[in-house]
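Contents: one structure, followed by commentary.
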Amino acid sequence: LGDDTQGLACFLYSAILSRGPSNVHKDMESFDANVKLMGQHNYCSQEMVNLLLVGKAVPHVFDGTKELDGLTLNGISCSTEIGFFSLFEHYRSIEVGSLLKNPKYPVWVVCSESHFSVFFSANLDALEVIVYDTITASLLSIWQNSEGSKEIDLYYYDELAKQDETIRLSVSWKNSNSHCGKGPMDPSIDLTPPLEHCIRTKWPQAVVDWNGSDPVRGHLDLRKMLIFISDSLISKASAHVIRHRTLLGS
């Protein structure tokens, strides 16, 4: 959008008006009129991300609904065209459901280290084999070489980092036992690039080749990370307390 950020605001307004302000507020599961799509320090909430991805400002990314103490928590209710990966799932803070992990198109918005970037797979027609995954009921575009190993190329782009090089990651399953899919809970002792953690939330035993590019290891700021998730969690907890009081008083 260039240096003029008004286009981004107009895009958000368009999404809100398309859904309808009253429907957006209902999606957000809150009786608190002060709950906002924009959180502290100008971080967008998960509700805003979901509004832009699936057209509903629901606060969760798991599939369907879940019951908690008599409350119904709403997640993603239908198949999506664009997917979503989150580093927070690696640290077991959230659960991203199969609907967002297996979108119609091989494009995933990536939430990692307090900002958003994107993975995508290009030139699907060039892939030699398309395998239907009966478990997730989605089309997985996978290339299978003569040795029987599976591989898919993911391109990565980060606008915030002013990326000017092509970063292509080859994701393969040549060594299915080399990764367990869950890393150390303490980020300070985990040297694995965060993007690889994001990839393994979908493919737990994947081997990632950066094809000569320097791995994007990032600089994990735990304070920013906690602010990024706590604002959303606090607003959800407040909403649930208010709802409990409303139900008890009715």
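The values are calculated or read from the model by the stated rules, or taken from the named source; none is laboratory data. Quick caveat: nothing in here was measured; it's all calculated off a predicted structure. Positions of Cβ are backbone-derived with ideal geometry, glycine not excepted, and every protein chain shown enters the neighbour counts.
Observations on the structure shown:
- Considering the conditions (1) more than 15 Å from the chain's Cα centre (by Cα); (2) closer than 23 Å to residue 193 by Cα; (3) at pLDDT 95 or above, residue 121 is excluded by exactly one of them, (3).
- Restricting 69, 27 to those that are at positive phi and among the acidic types (Asp, Glu) reduces the list to 69.
- Only residues that are touching a residue at least 24 places away in the same chain (Cβ under 8 Å) and of a type in the set (Ser, Thr, Tyr) were counted across the stretch 39-65, and they come to 2.
- Meets criteria (of a type in the set (Phe, Trp, Tyr), more than 11 Å from the chain's Cα centre (by Cα), surrounded by fewer than 16 Cβ atoms within 10 Å (Cβ to Cβ) and modelled with pLDDT under 85) for residue 105: no
- Evaluation of residue 35 against (1) buried (at least 19 other Cβ atoms within 10 Å of the Cβ); (2) at pLDDT below 85; (3) part of a strand (DSSP E or B) (one fails), failing number: (3)
- All conditions in (1) in a loop (DSSP other than H, G, I, E, B); (2) at pLDDT below 90 hold for residue 131, with the sole exception of (1).
- Count of the stretch 39-48 residues, restricted to those that are touching a strand residue (DSSP E or B) at 6+ places or on another chain (Cβ under 9 Å), crowded, with 20+ Cβ neighbours inside 10 Å and outside any loop (DSSP other than H, G, I, E, B), is 2.
- Being in a strand (DSSP E or B) and either crowded, with 22+ Cβ neighbours inside 10 Å or within 12 Å of the chain's Cα centre (by Cα) (or both) is a property that holds for residue 116.
- Checking residue 96 against (1) modelled with pLDDT of 95 or more; (2) β-branched (Val, Ile, Thr); (3) closer than 23 Å to residue 13 by Cα, the condition it does not meet: (3)
- Of all residues in the stretch 63-80 being in a strand (DSSP E or B) and within 14 Å of the chain's Cα centre (by Cα), the one that is surrounded by the most Cβ atoms within 10 Å (Cβ to Cβ): 76
- Filter result for residue 89 (of a type in the set (D, E, K, R), touching a residue at least 12 places away in the same chain (Cβ under 8 Å), closer than 30 Å to residue 168 by Cβ and not in a loop (DSSP other than H, G, I, E, B)): yes
- Residues being surrounded by fewer than 19 Cβ atoms within 10 Å (Cβ to Cβ) and in contact with a Lys or Arg (Cβ under 9 Å, 6 or more places away or on another chain) - total across the stretch 81-97: 3
- The stretch 151-170, subset closer than 13 Å to residue 206 by Cβ and modelled with pLDDT of 90 or more, residue surrounded by the most Cβ atoms within 10 Å (Cβ to Cβ): 169
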